[in-house]
Amino acid sequence: MASGTISEHHSDVERLKQAAAKAAASQLESGTIVGLGSGTTSRLAVAEIGKRVHEGLQIIAIPTSEKTAAQAKDLGIQLSTLGEYPEIDVAIDGADEVEMGTLNLIKGGGGNQLREKIVANASKRFIVIVDETKISRQLGSHAKVPVEVAQFGWQATARSLAKLGGNPTLRMSSNGETFITDGGNYILDCAFGPIPSAAALDNQLNSIVGVLEHGLFIGMASQVLVGTPDGVRSITRE
């Protein structure tokens, strides 16, 4: 693929994400507590929410990462914590892969799946925004499962994940150093391939000592907004 074509494809995908982000932001009402996700798609959503706040929308937001918090603050979005607001009205976040039918997700490409899952779990509604390339028939067909692990003894944890068939690799930052989450942990990206039962794998991962959280979000999404060339498609769980 020529570089121009790659660039054009990237801008097309960005437009689709942008449309989904705008559709999600349009659902917010004044007086609500809103969970803000992390990663590239969530940045688009936060930008759209910032525009609405500038126009008069009054919300209180709970960010899932330091980067999201900084962006929201710059846009004049009022921030708080789960300590102040343990129940969230709606959370908006992206996903690395969405399984049709179940709306089970793989998340954590940005490295904040622990905080993202805490916020999603505390939310009455969880809206996921993606472009159409993120939709699959079976979870694990496209994305690796990020597993957040304690730094201490991570090699032993990796061995346990390898026994499950995860083929774990330690995530590195762009500067060549080990990636460290906002919570101070490592991430092992696990290539399980198509996952026959996400619920079964969820249980297996949760039982491994050293695993703090992982990127399988089972039965959490209320609505998925998919940016397509024909407009934004809304999918709810079957």
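Here are a few things to note about the model shown:
- Test: residue in the stretch 201-213 that is under 25 Å from ASP89 (Cβ atoms), in contact (Cβ under 8 Å) with a residue 40 or more places away in the chain and buried (at least 20 other Cβ atoms within 10 Å of the Cβ): yes
- Cβ pairs under 6 Å, 6+ apart, first in the stretch 14-30 and under 19 Å from GLU55 (Cβ atoms), second at pLDDT 95 or above and among the small types (Gly, Ala, Ser): ALA19/GLY227; ALA21/ALA45; ALA24/ALA45
Conditions (1) surrounded by fewer than 12 Cβ atoms within 10 Å (Cβ to Cβ); (2) farther than 18 Å from VAL119 by Cα; (3) in contact with a Gly (Cβ under 6 Å, 6 or more places away or on another chain); (4) modelled with pLDDT under 95, marked per residue:
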{"residue": "ILE6", "(1), (2), (3), (4)": "yes, yes, no, yes"}
{"residue": "VAL13", "(1), (2), (3), (4)": "no, yes, no, yes"}
{"residue": "ALA19", "(1), (2), (3), (4)": "no, yes, yes, no"}
{"residue": "ALA23", "(1), (2), (3), (4)": "no, yes, no, no"}
{"residue": "LEU36", "(1), (2), (3), (4)": "no, no, no, no"}
{"residue": "GLY39", "(1), (2), (3), (4)": "no, no, yes, yes"}
{"residue": "GLU48", "(1), (2), (3), (4)": "no, yes, no, no"}
{"residue": "SER65", "(1), (2), (3), (4)": "no, no, no, yes"}
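- Strands (runs of 3 or more DSSP E) wholly inside the stretch 47-164 containing at least 2 residues that are within 23 Å of SER234 (Cα to Cα) and not hydrophobic (A, V, I, L, M, F, W, C): 88-94, 97-99, 123-131
- Criterion applied to LYS124, LYS144 was being surrounded by fewer than 17 Cβ atoms within 10 Å (Cβ to Cβ) and among the basic types (Lys, Arg), and the one residue passing it is LYS124.
Listed here are the residues, each with its yes/no results for (1) closer than 25 Å to HIS10 by Cβ; (2) touching a residue at least 60 places away in the same chain (Cβ under 8 Å).
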{"position": "LEU139", "(1), (2)": "yes, yes"}
{"position": "GLU148", "(1), (2)": "no, yes"}
{"position": "LEU188", "(1), (2)": "no, no"}
{"position": "PHE192", "(1), (2)": "no, no"}
{"position": "ALA198", "(1), (2)": "no, yes"}
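- Single residue of GLY94, GLY83, GLY101 found to be on the phi > 0 side of the Ramachandran plot and either in the same structural domain as ASP182 (by TED's automatic domain parsing) or of a type outside the set (S, T, N, Q) (or both): GLY101
The values are calculated or read from the model by the stated rules, or taken from the named source; none is laboratory data. These numbers come from a predicted model, not from an experiment. Because the Cβ atoms are built from the backbone with ideal geometry, glycine has one as well, and the counts that use them run over all protein chains shown.
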